[in-house]
1. Which percentage, to the nearest 5, of the DSSP beta bridges contained in region 244-336 is antiparallel?
2. Not counting the cut sites, what is the longest span of the chain without GluC sites (Glu not before Pro) that DSSP labels loop and that have at most 13 other Cβ atoms within 10 Å?
3. Could you work out how much longer the chain between N114 and A334 gets when fully extended? Use 0.36 nm per residue separation minus the Cα distance between them, nm to one decimal.
4. Helix-only estimate, please: 222 nm mean residue ellipticity of the chain, summing -39500 (n - 2.57) across DSSP H runs of length 4 or more and dividing by its residues, to the nearest 500.
5. Please report the carbon-and-sulfur percent of the accessible area for the chain; probe 1.4 Å, protein heavy atoms only, DNA, RNA and ligands left out.
6. Considering only the chain, what is the antiparallel percent among its DSSP beta bridges, to the nearest 5?
7. Would you work out the relative contact order for the chain, in percent, from Cα pairs under 8 angstrom that are 6 or more residues apart?
8. Which of the listed residues, L293, P105, S186, is farthest toward the dipole's positive end in the chain, when Lys, Arg count +1 and Asp, Glu count -1 at the beta-carbon?
Amino acid sequence: MYTTGDGDNDARSSHAFFLKRACDRLGYGAQEYEILLNPSREIRVELPLRRDDGGLSVFTGYRVQHHNARGPYKGGLRYHPETDMQDMRALACLMSLKTALVNIPFGGAKGGINCDSSMLSERELESLTRRLTSKIHRNIGPNTDIPAPDVGTNAKIMAWISDEYSKIYGFTPAAVTGKPIDLGGSLGREDATGRGVAIVIREYAKHRAEALEGKTAVIQGFGNVGRHAAHCLAELGVKIVGISDTRGGVHNDNGLAVDPLLAHKSATGEVAGFEQGQPIDGQALLELACDYLVPAALGDVVTAENAPRLQARVVVEAANAPVTHEADLYLENAGIPVLPDILANAGGVIASYFEWVQNLQQFPWTLEEVHGRLAQKLEHAVAEVMALATGQGCSLRDAGYMIATRRLKDALWMSGP
């Protein structure tokens, strides 16, 4: 059972804090909160791996399945050295809330392996992935639990999972999403999370009757989400004044050209050294003056310690849980809106839903169909959140959590908790 003890200010307690606040606003009691918070099933498997040098390493694999009253469990697989059961619990709960908020027929799950994929050869990575699939195949599937890419994983890893699963059950492309296009993946899936971030910002600005042209953004993280968000925001006329990755960052008050920066990163492996920008470290980048601050990497980067130094007008959670609950309270009191992760980065799971539907129907959609339906889903979700926040006089996070919590609770109670 979860606790939110003093000093535990990471994603493990923040999601519980926000969920509890939503339950209180909705008039739900302690029993409802505990049922909504805690997962239905937790899976832990040991994964021995024979290394290329003949040695043996043992990794641990995790899969937490939160609730499936609204549909099959759905969530990413994360390959990261700090992956553990507590983080997977928190992120699985966030997935249930995210799918409920954007109203797609999925529950929530999260999983991963406590490994650094960059330190494994391709053979080792494939062997480890197939070993994980062989250990959990009875607990995943198109109507049970559908994994997807996350930190440290990609379309190739999803292809290995799909192939290993299909060896057991026959051709089953809907068992996993985020696959390569030629193996049943969906057009528009790769850029969906970053594109969704831009759509959410666009719709927020529209509801505020503010033009985006000439506004500024700082993006912390230049992986799949950050780079696509930067590209889509630039297309909307937003000036990208700062970008960072794990090795450092660059900034330019006159704006950074996204395509040349992408080319620089592709050539050098980092954004540092880009000749059109000045060097800046990751912490200082978060504190740059801008209209939209977009944390798009790992969680817990905006804390009670650095929140008072933020100079952004709006914080947009492109990553999962980048703002701790203490920082969130400070930003709310300071009048700095936060577009919460369960809304801002929901584009990825929406596109995964589209891929799943296409796989089940064996009928692929055009890129225009994917982009159009993604925009439609997010436009509706932003309108609902903005309307409730205005009507209730609450934060955007509270509004999003209330909508999602109510839908999840209603589904659970109708099916029998």
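1. 50 percent
2. 83-209
3. 75.5 nm
4. That comes out to -14500 deg cm²/dmol.
5. Answer for the chain: carbon and sulfur cover 49 percent of the accessible area.
6. Roughly 50 percent of the beta bridges in the chain run antiparallel, per DSSP.
7. Once divided by the residue count of the chain, the mean separation gives 17 percent.
8. P105
The values are calculated or read from the model by the stated rules, or taken from the named source; none is laboratory data. The model shown is predicted, which means the values in this text are computed figures rather than measured ones. Using ideal geometry, Cβ is built from the backbone for each residue, glycine included, and neighbour counts are taken over all protein chains shown. Just so you know, the surface numbers come from the protein's heavy atoms only, side chains and all, with ligands and any DNA or RNA stripped out. Shrake-Rupley method; radii C 1.70, N 1.55, O 1.52, S 1.80 Å.
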